[in-house]
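Structure, as structure tokens:
The values are calculated or read from the model by the stated rules, or taken from the named source; none is laboratory data. Nothing here was measured: the structure is a model prediction, and the numbers come from that model. Don't worry about glycine lacking a Cβ; one is built from the backbone with ideal geometry, like all the others, and counts go over all protein chains shown. These area figures cover heavy atoms from the full protein model, side chains too; ligands, DNA and RNA do not enter into them. Shrake-Rupley method; radii C 1.70, N 1.55, O 1.52, S 1.80 Å.
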Amino acid sequence: MVLNYIWIAFFIIAFVVALVRLVFLGDFDVFPEMMDSTFSSSKTAFEISLGLTGVLSLWLGIMKIGERGGVVNVLARLLSPVFVKLFPDIPKGHPVTGSIFMNIAANMLGLDNAATPLGLKAMEQLQEINPKKDTASNPMIMFLVLNTSGLTLIPVSILVYRAQMGAAQPTDIFIPILLATFFSTLMGVLVTSLFQRINLFNVPVLATLGGACLLVSGIIWGFNQLNGEQMNLVSTSAANIILMTIIICFITAGLLKKINVYDAFVEGAKDGFTTAVRIIPYLVAILVGIGVFRASGAMDFLIDGIRYGIESMGIDAQFVGALPTALMKPLSGSGARGMMIDAMTTYGADSFVGRLSCVFQGSTDTTFYILAVYFGSVGIRYTRHAVACGLLADLAGIIAAILVSYMFFG
């Protein structure tokens, strides 16, 4: 229901803002621009779904090999001590824990094309054990918050954009992004646990969180030993080597189990097309709402209002120039990417605003897009506290990004 109200608000606010621009500012272009955005956003939604078809088929096929070969069950057993605490409603040893791990691992490596189909597979498995098929279950919400908090260890695409925009040191935002996204994920887990009354003070969870902190520290230390070119090479190579290793491991496990690997792949791949088609209406709905909101100028009014409020309190408002990226990120990944590039173009790739916009881009994920696609893929209508938890994680990431960027670049 929350998503319903937010979607309605996009259109009503956009209409009111556009009407004000027409009546008081004589802007006769605003309504044509809004209507154009509805058509372009609808086309974009379809193209995204169409583009996902092949990737979905590939990875759902690979996952089917992993299931038949027993790899997913092995992962489920290994992760059960932690997952039984974070996801108490999932039966112990259920294969979905392996799917969730694969999705989170792909996200951490910045492999979006692999993460989405793995996440959709996990949602289908979670729906199988969901007692209320039209309502989000607690495990679904925890899983989606882990996705929307955007934990990324290797932000390859952002490093590439900075290099293309002429940054003297494209990798200088690597550590700030790592810190900001870590705090975003940590907040997401804490807030969701409070909503679901999950006790995090137990050995498996504390050990995992401590291990995550050590891992993040080790990555920060290791990459600090490299120059910019080496960092880009190592991060890109590591992500792709790990991904290819997973595929080979799944195929090898299938051979050892003496299953027909090719038939298993084809069986899983068949679900890719139907899943891609099923999410089209949900993508059209959310992207059209966002497009109208942007085209009306409502986003610009919001940013200007925030800038005025910050400056009136005597606070340094330097960070406000990068806020469009932060505010757009929960709504649209491509929109936020455009805002980031615009900030680097306007202020300079090595300016405070240019760097902060990159940290914003890497610190959280596209909350509403993820909710629309993942919930839409299994027919969930009532999202319960998913939106609130996802947005609170985003807020933590934004605040952390600002503080960390002032620490490194201010």
**Request:** Look at S37 and say whether it is on the phi < 0 side of the Ramachandran plot and in contact with a Gly (Cβ under 8 Å, 6 or more places away or on another chain).
**Result:** yes
**Sole residue being modelled with pLDDT of 85 or more, in contact with a Gly (Cβ under 9 Å, 6 or more places away or on another chain) and under 26 Å from Y5 (Cα atoms), chosen from D394, D365, D350** = D394
**Message:** List pairs: first residue in region 249-260 and touching a residue at least 24 places away in the same chain (Cβ under 8 Å) and among the basic types (K, R), second residue part of a helix (DSSP H, G or I) and open to solvent by less than 80 Å² (accessible area, probe 1.4 Å) anywhere in the structure, Cβ distance under 7 angstrom, at least six positions apart or on different chains.
**Reply:** K257/G69
**Qualifying positions in region 159-187 - charged (D, E, K, R) and surrounded by fewer than 21 Cβ atoms within 10 Å (Cβ to Cβ)** = D172
**Complete:** The condition of being at pLDDT below 85 and open to solvent by 30 Å² or more (accessible area, probe 1.4 Å) holds, among L206, L190, only for L206
**Message:** Please go through region 376-397 and give me each residue that is surrounded by fewer than 24 Cβ atoms within 10 Å (Cβ to Cβ) and not in a loop (DSSP other than H, G, I, E, B), ordered by number.
**Reply:** G376, S377, Y382, V387, A388, L391, L392, L395, A396
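Let's see how each residue does on (1) open to solvent by 70 Å² or more (accessible area, probe 1.4 Å); (2) in contact (Cβ under 8 Å) with a residue 24 or more places away in the chain; (3) of a type in the set (A, V, I, L, M):
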| position | (1), (2), (3) |
| --- | --- |
| F15 | yes, yes, no |
| L22 | no, no, yes |
| P32 | no, no, no |
| T44 | no, yes, no |
**Message:** Just to be sure I understand the filter: pairs with C-beta atoms under 9 Å, separated by 6 or more residues or on different chains, first member in region 391-410 and within 14 Å of G362 (Cβ to Cβ), second member of a type in the set (K, R). Which pairs pass?
**Reply:** D394/K329; G397/K329; I398/K329; S405/R355; F408/R355
**Item:** Output for region 334-386, where each listed residue is more than 20 Å from the chain's Cα centre (by Cα) and of a type in the set (A, V, I, L, M)
**Value:** A343, M344, A349, V353
**Prompt:** Between a first residue in region 336-351 that is under 23 Å from I290 (Cα atoms) and charged (D, E, K, R) and a second residue that is open to solvent by less than 40 Å² (accessible area, probe 1.4 Å) and part of a helix (DSSP H, G or I), which pairs have beta carbons less than 8 Å apart while being 6 or more apart in sequence or on different chains?
**Reply:** R337/Q361; D342/P324
**Complete:** Cβ pairs under 9 Å, 6+ apart or interchain, first in region 220-243 and modelled with pLDDT under 70, second among the charged types (D, E, K, R) and surrounded by 12 or more Cβ atoms within 10 Å (Cβ to Cβ), ordered by first then second residue, are G228/D172
**Request:** Test L50 against the stated conditions and say whether it is in contact with a Gly (Cβ under 8 Å, 6 or more places away or on another chain), closer than 27 Å to L118 by Cβ and among the aliphatic types (A, V, I, L, M).
**Result:** no
